[in-house]
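The values are calculated or read from the model by the stated rules, or taken from the named source; none is laboratory data. Not measured: the values here are computed from a predicted model. Glycine gets a Cβ as well: all are built from the backbone with ideal geometry, and neighbour counts include every protein chain shown.
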Amino acid sequence: MAATHAVLNVPSVSCNHCKMAIEGAVGALDGVRAVVVNVEAKSVTVDFEDGDVALDAIQAAVQEEGYEVAGSHVFG
């Protein structure tokens, strides 16, 4: 399985509650190795196994917590 690194642009991230909600939801997905929300940069960085979880599922988990994903960059 290929390891993938993605950075999501989430402009509505504004506080520690946002950080905890997103990290909890995305981190609970099978195949996610690590997730870090940067409130100041309004970004979510995710390392995941490409064969176990799709980027669409990660974005959906963020959106289900009430945060819009405005774009993403995928590396690897």
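Worth a mention:
- Qualifying residue in the stretch 46-59 (condition: modelled with pLDDT of 95 or more, assigned to a strand (DSSP E or B) and β-branched (Val, Ile, Thr)): yes
- Test for ALA2: is it at pLDDT below 95 and aliphatic (A, V, I, L, M): yes
- Output for the stretch 35-45, where each listed residue is without any contact (Cβ under 8 Å) to a residue 24 or more places away in the chain and either assigned to a loop (DSSP other than H, G, I, E, B) or among the small types (Gly, Ala, Ser) (or both): GLU40, ALA41
- Sub-8 Å Cβ pairs linking a first residue in the stretch 2-25 that is over 18 Å from ASP52 (Cβ atoms) to a second residue that is of a type in the set (D, E, K, R) and not in a loop (DSSP other than H, G, I, E, B), at least 6 apart or interchain, are VAL13/LYS19, ordered by first then second residue.
- Check on VAL62, in a strand (DSSP E or B), within 11 Å of the chain's Cα centre (by Cα) and among the aliphatic types (A, V, I, L, M): no
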